[in-house]
Amino acid sequence: MSKEKKSERKEKLFYRQKNGYDLISEKERRLCEDYCQGYMSFLNTARTEREAVREGIRLAESKGFVEYKPGMPLKPGTKVYSSNRGKALLLAVIGKKSLAEGAVIAAAHVDSPRLDLKQVPMYEDNEICYFKTHYYGGIKKYQWLTIPLELHGVVALRDGSVVDVCIGKDKSDPIFQITDLLPHLGKDQRKKSSAEFVPAESLNLIIGSIPDKEEVEGRTKLAIMDLLNKKYGIVEEDFLSAELIAVPAYDVREVGFDRSLIAGYGHDDRVCAYAELAAILEQDKPEKTSICILADKEEIGSEGVSGMKSRAFERFVGDLCDTQKVKLEHCFANSLCISADVCNAFDPNYPEVSEKRNAAKINYGMGICKFTGHGGKSDSNDASAEVVAHLRRVFAEKNIIWQMAELGKVDQGGGGTVAMYMAERDIDTIDAGVPVLSMHAPYETVAKLDCYMTYKGIKAMYEETTPAEK
Ligand code: MN
Ligand code: MN
């Protein structure tokens, strides 16, 4: 500790953040640990949006949630979920108050950056068989070279049946890999910028190398196709209607001698998805209706039928409103949405990209972003000061450790979330979530304390009883 003289005036007047470990009790540390074990197991299970939705439904059903059916009776305490095509999930616990008074909504996404297989993925080159990929979301391509990759997804067949694929997760399975150039011959490669030295069309997965016994052109491809046909009953044409995804074959692990951090693939944004899921599963009869969204397609702009721009959200909440004879627009106008998404954690290895007074730090709690976007706040939801004040009030009452966060220096870059698409619906929305180190890398890192505080923060919002000032 510094020898600085204690000044009561300074204590009173200055805003000072504290490391969460200076604030948290022993009892809370144990709760944090329990919570994080649950999260780690969720993340290990959910490597794709489809798997996150499946696991979300399993957890919800174990807590008494039932699948929503139009017209079913809804009363305070009714717990329902609705899967949007198996790729996004909506959950609600009906509150004691009318939906005319609004709902408390938490919206996270369960898709993460990765490599999708192309629709005609298979080819042979120099007797090695490959899958061609098309990257999904914002990745640094070089990070995906030489790492172990698993294949997850579905092959939808012409007869309407769907074949599930998951290869590499089981330790006895093979993994897949993209090669890199050896440094000995990297003279020209080293001169290129990192954006150039891995062309997207070179992100090709090795899938086999033993040629078929039949003396034909494409012998290796024939042998692999034969294996796939025997195991999955598919022929090459079936890839046309497949969604196969290569994700890092890394187990979720604790990081550091003190095990304070968690490394895993897809913290963005399954760490917030799990937080809001865990929070809504504990709701019994909240004042206002609690709504939880696990959205798809955030990483490519929230587009598509399963993304946050989709009217599947209106369909679900509109149905809930209809049963109470409430106009959906009035429910939205009185609702509050936590856009639960990760933010960038200040990285002491790269201090130059952040502005330290406004950067989120690991172990300083849930990160609140009043705005995201880039440049002069373009493409941003800029939450109102009144909304921030409302959060301050609730978080102070419930001892939530939280901090303000901004994604890097102004004009350094930027990013977006689902927040602006919620705000466009006339819903007061604010971004809040877990600060992440190495965001969008195949293996990202978060701090346990921040994961736990994000869950606690969302839970506090679901359970708050003071009305938001309009
Ligand atoms: Mn995200
Ligand atoms: Mn992201």
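The values are calculated or read from the model by the stated rules, or taken from the named source; none is laboratory data. No experiment lies behind these values; they were computed from the predicted model shown. Methodologically, a virtual Cβ is constructed for each residue, glycine included, from the backbone with ideal geometry; neighbour enumeration extends over all protein chains shown. Just so you know, the surface numbers come from the protein's heavy atoms only, side chains and all, with ligands and any DNA or RNA stripped out. Shrake-Rupley method; radii C 1.70, N 1.55, O 1.52, S 1.80 Å.
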Would you check which residues across the stretch 214-249 are open to solvent by 60 Å² or more (accessible area, probe 1.4 Å) and either outside the structural domain of ILE167 (by TED's automatic domain parsing) or not hydrophobic (A, V, I, L, M, F, W, C) (or both) and list them?
-> GLU214, GLU215, GLU217, ASP226, ASN229, LYS230, LYS231, GLU236, GLU237, GLU243
What about PRO199, is it more than 16 Å from ARG114 (Cα to Cα) and either of a type in the set (Phe, Trp, Tyr) or open to solvent by 60 Å² or more (accessible area, probe 1.4 Å) (or both)?
-> no
The stretch 330-341 residues that are assigned by TED's automatic domain parsing to the domain that holds ALA423, paired with ones that are among the aromatic types (Phe, Trp, Tyr) (beta carbon under 8 Å, 6 or more apart) | none
Per the list (1) farther than 23 Å from ALA447 by Cβ; (2) open to solvent by 10 Å² or more (accessible area, probe 1.4 Å), residue check on GLU282 breaks on (1)
Specify the residue that is most open to solvent (accessible area, probe 1.4 Å); the eligible residues are those in the stretch 342-357 that are within 16 Å of ligand 1 (Cβ to nearest atom) and aliphatic (A, V, I, L, M).
-> VAL342
For the stretch 371-383, name all the residues that are in a loop (DSSP other than H, G, I, E, B) and either open to solvent by less than 50 Å² (accessible area, probe 1.4 Å) or closer than 17 Å to ASN344 by Cα (or both).
-> PHE371, THR372, GLY375, LYS377, SER380, ASN381, ALA383
State whether the residues of the stretch 285-296 include one that is among the basic types (Lys, Arg), in contact (Cβ under 8 Å) with a residue 40 or more places away in the chain and open to solvent by 10 Å² or more (accessible area, probe 1.4 Å).
-> yes
Strands (runs of 3 or more DSSP E) within the stretch 40-130 that include 2 or more residues without any contact (Cβ under 8 Å) to a residue 60 or more places away in the chain | 79-84, 114-125
Matching option when the condition is free of Cβ contacts under 8 Å to residues at least 60 places away in the same chain and under 24 Å from the mean Cα position of the chain (by Cα), among ILE167, ILE147 = ILE167
From ILE178, ILE206, grab the single residue that is within 16 Å of LEU228 (Cβ to Cβ) and either assigned by TED's automatic domain parsing to the domain that holds LYS141 or touching a Leu at 6+ places or on another chain (Cβ under 7 Å) (or both).
-> ILE206
Take the stretch 95-118 and flag every residue that is away from ligand 1 (no atom under 16 Å from the Cβ) and within 25 Å of the chain's Cα centre (by Cα).
-> ALA103, VAL104, ILE105, LEU115, ASP116, LEU117, LYS118
Does CYS321 fit the bill of being buried (at least 21 other Cβ atoms within 10 Å of the Cβ) and within 16 Å of ligand 2 (Cβ to nearest atom)?
-> no
Residues of the stretch 388-419 being hydrophobic (A, V, I, L, M, F, W, C), closer than 30 Å to LEU328 by Cα and within 13 Å of ligand 1 (Cβ to nearest atom), in sequence order, are VAL418, ALA419
Screening ILE206, ILE210 for residues that are among the β-branched types (Val, Ile, Thr) and outside any loop (DSSP other than H, G, I, E, B) leaves only ILE206
Which numbered condition CYS272 misses (of (1) away from ligand 1 (no atom under 16 Å from the Cβ); (2) in contact with an Asp or Glu (Cβ under 8 Å, 6 or more places away or on another chain)) = (1)
Does TYR142 fit the bill of being surrounded by fewer than 23 Cβ atoms within 10 Å (Cβ to Cβ) and not in a strand (DSSP E or B)?
-> yes
Checking ILE24 against (1) in a loop (DSSP other than H, G, I, E, B); (2) open to solvent by 50 Å² or more (accessible area, probe 1.4 Å), the condition it does not meet | (2)
Within the stretch 147-172, how many residues turn out to be surrounded by fewer than 19 Cβ atoms within 10 Å (Cβ to Cβ), assigned to a strand (DSSP E or B) and small (Gly, Ala, Ser)?
-> 1
Answer yes if at least one residue in the stretch 406-413 is buried (at least 24 other Cβ atoms within 10 Å of the Cβ), touching a helix residue (DSSP H, G or I) at 6+ places or on another chain (Cβ under 7 Å) and more than 20 Å from SER112 (Cβ to Cβ), and no otherwise.
-> no
